[in-house]
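Asker: Take a look at this one; I'll ask things after.
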Amino acid sequence: MLDRLFLNKLTKKGKTAYWIIQLGLDVILGIVLFGVLDYTLDRGNDGRTFFIVGAVASLLISGLICLSIWKAPKEIAVVDEDKKG
């Protein structure tokens, strides 16, 4: 849901950078949690909670970075929304 909010306000380069940054952060999170800290996704372990919170945090981090650098002008964002519906 937050992806749609960020992607509506980004340029084409920003959309590409958003997905690359988010994928990179998720890979780093997975390596740290499951490789270095040796967490698992079992119910009795905190690994699941850390992974979900980390994924949401990486989404917000990549979205805010891309919005600060590649924000689309208002005219383009309005035209894109008009085309959709």
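Asker: I need the calculated FRET efficiency for the pair Val53 and Thr16, taking r as the beta carbon distance and R₀ as 30 Å, to the nearest 0.05.
Answerer: Details: r = 26 Å, r/R0 = 0.86.
That gives a FRET efficiency of 0.70.
Asker: Non-local amide H neighbours of Leu10 (under 5 Å, H modeled in plane, Pro and chain starts lacking H): which ones?
Answerer: Hits under the 5 Å cutoff: Ala72.
Asker: Then there is this: FRET efficiency for Leu2 and Ile28, Cβ-Cβ distance as r, R0 = 25 Å, nearest 0.05?
Answerer: Numbers: r = 19 Å, r/R0 = 0.78.
That gives a FRET efficiency of 0.80.
Computed from the coordinates by the stated procedures, all read-outs in this text should not be read as laboratory data. Just so it is clear, the model here is predicted, and its values are computed rather than measured. Neighbour counts are summed over all protein chains in view; Cβ atoms, including those assigned to glycine, are modelled from backbone coordinates with ideal geometry.
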